[in-house]
Amino acid sequence: MRLAEPDSLVDSRSALTFPIEEYEARVTVLRHRMATAQLDLLLIDQFEHLAYYTGYLPTAAMYQACLMPLEGEPMMLSRGLDEPMLREQSWVCEATCYLDTKDPLALLAAIIERRGWSRARIGVERDSHFLFVERLAKLESLLPDATFVGFERVMWELRLRKSPREIALLRRAASIADIACVAGIEVAAEGVAEREVAAAIYSAGIRAGADNTRMVLMASGPRSDNLHGSLGHRILGPGDILHLELVPHYKVYTARLMRPTVIGTPDSAQAGTARQMVALQNAQYEAMKPGVVARDIDRILRQGILDAGLRESYTNITGYTLGLVCIPRTSDFTRIFLPDSDWVLEEGMVFHMYCWAQGMAFSDTILITAHGAEQLTRTDRHLFVR
């Protein structure tokens, strides 16, 4: 079925995250890469890439995808139950919306055959969460004359440099992170439950515009060095370190921010450690400019932490890509900062840069501009005391 004629989509298109010309520009670049790979058709089914190229963010209950031909209009394969959401979110006019009683892969194969692509070179995302091994094997059996070509990592790479409109959304997400972080810190005190802090964060974040309902990673006391800890039932007590990592989403774009808070009076070691961490991270930010090799940025923080004796070893990454992120994936590791990272920073890239030692963590959302690093998250960079 055809969802609607272009003229009838005026109202719903007003809700698009970006103007249609931005999506068209993205598709033009994508098709250039498709031509280089000699693809006739590309099957897009990762949520991040569906959102980036079509505007549509589906549910994961049943298989949904976009068929992107090298030439001509793209079309969606969508669950019928999600048709209203597709109308609202996407600029793509043509779609086959199926009932839950139908097999989406059989429908997909039938569409491909009907369009004359049964012998085509079809690009597939072999790193997709949704094109399971079983699903790909079934699709190959349904289209035995087609040639399936791996197209993994390509679209991730194409999304690395953010457009001005994307940066505007990231700025908004960073602002939400700041607001929510401060709200949580202001509530924290001796005798306050972790969940009260979380409630303040969620309330402030949602009011500020956050779209997601898992907005914070939190741990306190003996668990403060567990950066990915789940929300517990602790009551904050004297000497506890409260770890907060804010991860709000705004129109599918995310910013991140970590700040530590001590309940009561910090000891001299904690205060000194925090100052050293911030100073090393500030030096790292200062060095982040277009053309700089990532391993050199990583070395500033990693080696500095080790030389200062703040950690016995430093095995984790010190930063990674930020931008459009969709559940079930929670982080984008297309670019990461490690001692052997030989890639080069470019203008328009955005990263989550973080420092972790002695149960405390500092992090920010960093944009690479023509002149250097811009800190999008603006919460004060020091050890908070409550």
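Restricting to region 356-375, what's the tally of residues that are part of a strand (DSSP E or B) and either over 11 Å from Tyr285 (Cα atoms) or in contact with a His (Cβ under 9 Å, 6 or more places away or on another chain) (or both)? Talk me through it step by step, then tell me what you get.
Taking region 356-375 and keeping what is part of a strand (DSSP E or B), we get 356-357, 360-369, 372-375.
With either over 11 Å from Tyr285 (Cα atoms) or in contact with a His (Cβ under 9 Å, 6 or more places away or on another chain) (or both) added as a condition, the list becomes 356-357, 360-366, 369.
Matching residues across region 356-375 total 10.
Does Glu194 satisfy being in contact (Cβ under 8 Å) with a residue 40 or more places away in the chain, surrounded by fewer than 16 Cβ atoms within 10 Å (Cβ to Cβ) and of a type in the set (D, E, K, R)?
Judged against the criteria, Glu194 is not a match.
Within region 262-274, does at least one residue satisfy the condition of being surrounded by 15 or more Cβ atoms within 10 Å (Cβ to Cβ), assigned by TED's automatic domain parsing to the domain that holds Arg214 and closer than 30 Å to Leu324 by Cα?
No, region 262-274 has no match at all.
Among (1) crowded, with 17+ Cβ neighbours inside 10 Å; (2) within 16 Å of the chain's Cα centre (by Cα), where does Thr379 come up short?
If we test Thr379 against (1) crowded, with 17+ Cβ neighbours inside 10 Å; (2) within 16 Å of the chain's Cα centre (by Cα), just (2) comes out false.
If you take the residues in region 168-191 that are acidic (Asp, Glu) and either assigned to a loop (DSSP other than H, G, I, E, B) or touching a strand residue (DSSP E or B) at 6+ places or on another chain (Cβ under 8 Å) (or both), which one is surrounded by the most Cβ atoms within 10 Å (Cβ to Cβ)? Write out each step before concluding.
Keep residues of region 168-191 that are acidic (Asp, Glu), which gives 178, 186, 190.
Going one step further and asking which of them are either assigned to a loop (DSSP other than H, G, I, E, B) or touching a strand residue (DSSP E or B) at 6+ places or on another chain (Cβ under 8 Å) (or both), we end up with 178, 190.
On the way: Asp178: 23, Glu190: 13.
Here the answer is Asp178.
I'm trying to understand the selection: among the residues of region 120-139, which are of a type in the set (D, E, K, R) and either in contact with a strand residue (DSSP E or B) (Cβ under 7 Å, 6 or more places away or on another chain) or surrounded by 15 or more Cβ atoms within 10 Å (Cβ to Cβ) (or both)?
Once the filter is applied, which keeps residues that are of a type in the set (D, E, K, R) and either in contact with a strand residue (DSSP E or B) (Cβ under 7 Å, 6 or more places away or on another chain) or surrounded by 15 or more Cβ atoms within 10 Å (Cβ to Cβ) (or both), region 120-139 yields Arg121, Glu125, Arg126, Arg135, Lys138.
All but one of (1) within 22 Å of the chain's Cα centre (by Cα); (2) assigned to a helix (DSSP H, G or I) hold for His352, so report the exception by its number.
Of everything listed in (1) within 22 Å of the chain's Cα centre (by Cα); (2) assigned to a helix (DSSP H, G or I), His352 misses just condition (2).
Exactly one condition in (1) of a type outside the set (Val, Ile, Thr); (2) outside any loop (DSSP other than H, G, I, E, B); (3) surrounded by fewer than 20 Cβ atoms within 10 Å (Cβ to Cβ); (4) touching a strand residue (DSSP E or B) at 6+ places or on another chain (Cβ under 6 Å) is not met by Trp117; state its number.
Unmet for Trp117, out of (1) of a type outside the set (Val, Ile, Thr); (2) outside any loop (DSSP other than H, G, I, E, B); (3) surrounded by fewer than 20 Cβ atoms within 10 Å (Cβ to Cβ); (4) touching a strand residue (DSSP E or B) at 6+ places or on another chain (Cβ under 6 Å): (2).
Residue-wise test of (1) charged (D, E, K, R); (2) in contact with an Asp or Glu (Cβ under 6 Å, 6 or more places away or on another chain); (3) not assigned by TED's automatic domain parsing to the domain that holds Gly55.
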| site | (1), (2), (3) |
| --- | --- |
| Ala109 | no, no, no |
| Ile112 | no, no, no |
| Leu170 | no, no, yes |
| Glu186 | yes, no, yes |
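Between Leu50, Leu77, Leu42, which is farther than 23 Å from Thr101 by Cβ, in contact (Cβ under 8 Å) with a residue 12 or more places away in the chain and either polar (S, T, N, Q) or part of a strand (DSSP E or B) (or both)?
Details: Leu50 fails: either polar (S, T, N, Q) or part of a strand (DSSP E or B) (or both); Leu77 fails: farther than 23 Å from Thr101 by Cβ.
So the residue among Leu50, Leu77, Leu42 that is farther than 23 Å from Thr101 by Cβ, in contact (Cβ under 8 Å) with a residue 12 or more places away in the chain and either polar (S, T, N, Q) or part of a strand (DSSP E or B) (or both) is Leu42.
So which residues in region 29-64 are closer than 17 Å to Leu160 by Cβ and surrounded by fewer than 16 Cβ atoms within 10 Å (Cβ to Cβ), if there are any at all?
Val29, His32
Please go through region 129-161 and pick out each residue that is under 23 Å from the mean Cα position of the chain (by Cα) and under 24 Å from Thr59 (Cβ atoms).
Answer for region 129-161, where residues must be under 23 Å from the mean Cα position of the chain (by Cα) and under 24 Å from Thr59 (Cβ atoms): His129, Phe130, Leu131, Phe132, Phe151, Glu152, Met155, Trp156, Arg159.
Residues to consider are Leu67, Leu99, Leu77, Leu81; find the one that is closer than 23 Å to Thr17 by Cα and exposed (fewer than 15 other Cβ atoms within 10 Å of the Cβ).
One residue alone meets the criteria, Leu81.
Quick grid of which residues meet (1) within 28 Å of Glu346 (Cα to Cα); (2) of a type in the set (Ser, Thr, Tyr); (3) part of a helix (DSSP H, G or I):
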residue: Glu140; (1), (2), (3): no, no, yes
residue: Pro144; (1), (2), (3): no, no, no
residue: Val149; (1), (2), (3): no, no, no
residue: Glu166; (1), (2), (3): yes, no, yes
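Please identify the pairs in which a residue from region 341-359 that is acidic (Asp, Glu) has its Cβ atom under 8 Å from the Cβ atom of a residue that is surrounded by 20 or more Cβ atoms within 10 Å (Cβ to Cβ), counting only partners at least 6 apart or on another chain.
That search, which allows pairs on different chains as well, returns Asp342/Ala294; Glu346/Ile368; Glu347/Ile368.
Would you tally the residues in region 155-164 being surrounded by fewer than 20 Cβ atoms within 10 Å (Cβ to Cβ), in contact with a helix residue (DSSP H, G or I) (Cβ under 7 Å, 6 or more places away or on another chain) and in a helix (DSSP H, G or I)?
Of the residues in that region, 1 qualify.
Could you say which residue among Asp127, Asp100, Asp45 is in contact with a Gly (Cβ under 8 Å, 6 or more places away or on another chain) and acidic (Asp, Glu)?
On inspection, the qualifying residue turns out to be Asp100.
Looking only at region 313-336, how many residues end up being touching a Leu at 6+ places or on another chain (Cβ under 8 Å) and free of Cβ contacts under 8 Å to residues at least 60 places away in the same chain?
Result for region 313-336: 4.
The values are calculated or read from the model by the stated rules, or taken from the named source; none is laboratory data. In this text the structure is predicted, and so the values were computed from the model without any measurement. Note: ideal-geometry Cβ built from the backbone for every residue, glycine included; neighbour counts use all protein chains shown.
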